[in-house]
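Novice: Take this structure, written in structure tokens, and hold onto it; I'll ask about it next.
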Amino acid sequence: MATGAKNSLGTVFSVETATANTFIAIEEITDIPGILGDKAGKIDVTNMDSSGYKEYISDLKDAPEVTIKANWTGATGQARVQALSDGTNTKFKLVLPDKKTVGGTGTTVARNGYISSFSIEPGVGKQLMLTFTVQFSGAPTITAAA
């Protein structure tokens, strides 16, 4: 029996406004891939003394590029994303609904990045969808749930 599982309903993904460290939620998001998908690079250090296997050491980590989907509303948060689709570097914040106390806050992940693609997708028998991709840059700041 899963006793520690959490529902993702209530997760909020925000983008920084023109005012530093002030964030606005991006409305009606339906899918957020993991923004903590950093992957360490590798350096091949295999040599003539290696024992028949390639040998590696760790290199710099690479921040992920993630594609996020939302129902298109054109509301304020989505308009901010559209305005930033010029490649301007900004801050993003993800807050999970896993707070530990009634007045607490959920786990928060903040990191820099830029919008690398932006599209509005119509379809027969479907709602209008917003799809945008964020290329994150640098290390995330993670604050545990309270």
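The values are calculated or read from the model by the stated rules, or taken from the named source; none is laboratory data. Remember, predicted model here, so these are calculated numbers, not experimental data. With ideal geometry, Cβ positions are generated from the backbone for all residues, glycine too; neighbour counts draw on all protein chains shown.
Novice: Name the residue that is farthest from N7 (Cα to Cα), counting only residues in the range 20-60 that are of a type in the set (S, T, Y) and under 27 Å from the mean Cα position of the chain (by Cα).
Specialist: Kept after step one, since they are of a type in the set (S, T, Y), are these residues of the range 20-60: 22, 30, 46, 50-51, 53, 56, 58.
Now narrow it down to the ones that are under 27 Å from the mean Cα position of the chain (by Cα): 22, 30, 58.
Details: T22: 26, T30: 14, S58: 35 Å.
Taking the candidates together, the pick is S58.
Novice: Please report, ordered by residue number, the strands (runs of 3 or more DSSP E) entirely within the range 37-146 with at least 1 residues that are surrounded by 12 or more Cβ atoms within 10 Å (Cβ to Cβ), among the aromatic types (F, W, Y) and modelled with pLDDT of 95 or more.
Specialist: On the way: elements: 39-44, 56-62, 65-71, 90-95, 108-121, 129-143.
Strands (runs of 3 or more DSSP E) meeting the threshold: 56-62, 90-95, 108-121, 129-143.
Novice: Next question. List every residue pair whose Cβ atoms sit under 9 Å apart, with the two residues 6 or more apart in sequence or on different chains, where the first one lies in the range 57-68 and is more than 9 Å from G37 (Cβ to Cβ) and the second, anywhere, is assigned to a strand (DSSP E or B) and acidic (D, E).
Specialist: So the pair list comes out as I57/D44; T67/D31; I68/D31.
Novice: May I ask you to say which residue of T133, T76, T105, T88 is touching a residue at least 12 places away in the same chain (Cβ under 8 Å) and within 18 Å of I35 (Cα to Cα)?
Specialist: Working: T76 fails: within 18 Å of I35 (Cα to Cα); T105 fails: within 18 Å of I35 (Cα to Cα); T88 fails: within 18 Å of I35 (Cα to Cα).
Among T133, T76, T105, T88, only T133 is touching a residue at least 12 places away in the same chain (Cβ under 8 Å) and within 18 Å of I35 (Cα to Cα).
Novice: State the number of residues belonging to the range 3-25 that are free of Cβ contacts under 8 Å to residues at least 60 places away in the same chain and within 21 Å of A145 (Cβ to Cβ). Working first, answer last.
Specialist: First pass over the range 3-25, keeping only residues free of Cβ contacts under 8 Å to residues at least 60 places away in the same chain: 3-5, 18-20, 22, 24-25.
Filter once more, keeping what is within 21 Å of A145 (Cβ to Cβ): 3-5, 25.
Summing the residues that are free of Cβ contacts under 8 Å to residues at least 60 places away in the same chain and within 21 Å of A145 (Cβ to Cβ) in the range 3-25 gives 4.
Novice: Report, by residue number, each residue of the range 20-36 that is closer than 16 Å to G77 by Cα, modelled with pLDDT under 95 and not in a strand (DSSP E or B).
Specialist: Listed by number, the residues that qualify are A20, N21, I32.
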